[in-house]
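Just below is one structure, and these are the notes that go with it.
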Amino acid sequence: MARVLLADSQPLFNEALEALFSRDDVHQVIGRCSSADDAFAHVSSLRPDLVLVDATLGLEGSPGAGLAGEGAVPRGMLLELARRMVARDRTPDSPLSRLSPRERQVLALLSKGWDNARIGRDLFISQHTVRTHIQNILEKLGMHSKLEAATFAMQRSMELELTPGGAGLDT
């Protein structure tokens with residue numbers, strides 16, 4: 001059974017989490033706290049296997065508590081977390097930052113080998129508008145062909161998919 005310490009700035013939320021954990025036989029809540037100082041004191045004295053921490057408390061991982069001091073992120077939050085990290089780490093002079101959100105969408109679809117007609121159908125725009133976006137992309141990126149732009153986009157696919165206005169993972 002994993003010994004769990006709950007650390008959330010809202011005591012009522014700690015109580016609700018404890019009620020949830022009490023329903024299973026896998027976790028045992030051994031303590032609750034509502035401040036960073038209390039959390040550190042409880043980790044030292046209680047030696048939990050897992051510390052569930054409210055991000056607003058601003059705690060770093062505690063090596064003595066489960067998962068070898070590493071944090072755990074629920075699957076449902078991974079894509080949004082990755083988007084935020086890419087947005088935070090992107091420098092203003094990144095080539096992709098020169099493109100509009102729609103141009104990034106067109107570029108992402110172009111990198112999948114889609115022709116102008118299919119891109120237009122997917123984005124609900126005319127082929128002429130697609131051509132205009134591609135011309136703008138080539139000019140902004142200093143490139144000379146769709147193939148060159150598509151190759152660039154494939155190399156930057158992760159960043160392109162995670163940027164706002166990117167094609168996303170489901171297209």
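The values are calculated or read from the model by the stated rules, or taken from the named source; none is laboratory data. As the structure is a prediction and not an experimental result, all values here were calculated from the model. Neighbour counts are summed over all protein chains in view; Cβ atoms, including those assigned to glycine, are modelled from backbone coordinates with ideal geometry. Surface accessibility is based on the protein's heavy atoms, side chains included, excluding ligands, DNA and RNA. Shrake-Rupley method; radii C 1.70, N 1.55, O 1.52, S 1.80 Å.
Need at least 3 residues that are at negative phi and without any contact (Cβ under 8 Å) to a residue 12 or more places away in the chain per element, so show me which helices (runs of 4 or more DSSP H) inside the stretch 94-164 make the cut, counting only ones lying wholly within it.
116-123, 127-141, 146-155
So which residues in the stretch 96-143 are open to solvent by less than 40 Å² (accessible area, probe 1.4 Å) and of a type in the set (Phe, Trp, Tyr)?
Across the stretch 96-143, the qualifying residue is only Trp114.
Could you list, ordered by first residue, the pairs with Cβ atoms under 8 Å in which the first is in the stretch 12-35 and closer than 22 Å to Thr56 by Cα and in a helix (DSSP H, G or I) and the second is at pLDDT 85 or above and of a type in the set (Asp, Glu), at least 6 apart or interchain?
Asn14/Asp8; Leu17/Asp8
Can you tell me which residue in the stretch 149-167 is modelled with the highest pLDDT, limited to those that are under 12 Å from the mean Cα position of the chain (by Cα) and open to solvent by less than 80 Å² (accessible area, probe 1.4 Å)?
Filtering first and then ranking leaves Glu159.
Inside the stretch 13-36, can you point out the residues that are open to solvent by less than 60 Å² (accessible area, probe 1.4 Å) and aromatic (Phe, Trp, Tyr)?
Listed by number, the list holds a single entry, Phe21.
Identify, please: which residue in the stretch 38-60 is modelled with pLDDT under 85 and charged (D, E, K, R) and is, among those, surrounded by the fewest Cβ atoms within 10 Å (Cβ to Cβ)?
Among residues in the stretch 38-60 that are modelled with pLDDT under 85 and charged (D, E, K, R), the one surrounded by the fewest Cβ atoms within 10 Å (Cβ to Cβ) is Glu60.
Among the residues of the stretch 61-69, is there at least one that is of a type in the set (A, V, I, L, M, F, W, C), open to solvent by 50 Å² or more (accessible area, probe 1.4 Å) and modelled with pLDDT under 65?
The answer is yes; a qualifying residue exists.
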